[in-house]
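Remarks on the structure that follows.
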């Protein structure tokens, strides 16, 4: 069975995975699979779970918050800001759920800070306008 290498790159880690027979992922147009000898391919992955099938038929799961995938010359390169790989679907799924909850909480806090900053800027502009009108 023909195989290819997968290079996963993120700011925190990078990894080279060998002996991959197929990659199953999802982009905005839907789910797709890549095998060895596939033509050159580039796409943006949606956040979620991708799968790697090895020549010996076992699977690994790769959770990622989206990324750019490039396949050429028997190598797949995935650039993402974070990822988690495991052969246990439940481990990856649980970790992904936890990370998404943490990110949603942080995003909510960021939105609240932005609202406070906007209110303070408007208050300060109003004060400056009143002072210049005197």
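Show the residue pairs that are 6+ apart or on different chains and have beta-carbon atoms under 9 Å apart, the first residue being within segment 88-113 and farther than 14 Å from residue 63 by Cα, the second being surrounded by 10 or more Cβ atoms within 10 Å (Cβ to Cβ). Pairs that qualify, where the first residue is farther than 14 Å from residue 63 by Cα and the partner is surrounded by 10 or more Cβ atoms within 10 Å (Cβ to Cβ), are 103/65.
Could you list, in sequence order, the residues of segment 24-46 that are in contact (Cβ under 8 Å) with a residue 24 or more places away in the chain and either outside the structural domain of residue 77 (by TED's automatic domain parsing) or not in a strand (DSSP E or B) (or both)? Matches in segment 24-46: 36, 37, 38, 40. Here the condition is being out of contact with any helix residue (DSSP H, G or I) (no Cβ under 9 Å at 6 or more places or on another chain), at pLDDT below 90, more than 24 Å from residue 7 (Cα to Cα) and surrounded by 10 or more Cβ atoms within 10 Å (Cβ to Cβ); of 131, 118, 103, it holds for 103 alone. Please work out if residue 69 is surrounded by 15 or more Cβ atoms within 10 Å (Cβ to Cβ) and not in a loop (DSSP other than H, G, I, E, B). Yes: the conditions hold for residue 69. Among the residues of segment 68-78, none qualifies, meaning not one is in contact with a helix residue (DSSP H, G or I) (Cβ under 9 Å, 6 or more places away or on another chain) and free of Cβ contacts under 8 Å to residues at least 60 places away in the same chain.
Remark: residue 19 matches the filter, which requires a residue to be at positive phi and surrounded by 10 or more Cβ atoms within 10 Å (Cβ to Cβ).
The values are calculated or read from the model by the stated rules, or taken from the named source; none is laboratory data. All values reported here derive from a predicted model rather than from experimental measurement. Reconstructed Cβ throughout: ideal geometry from the backbone, glycine too, with neighbour counts over all protein chains shown.
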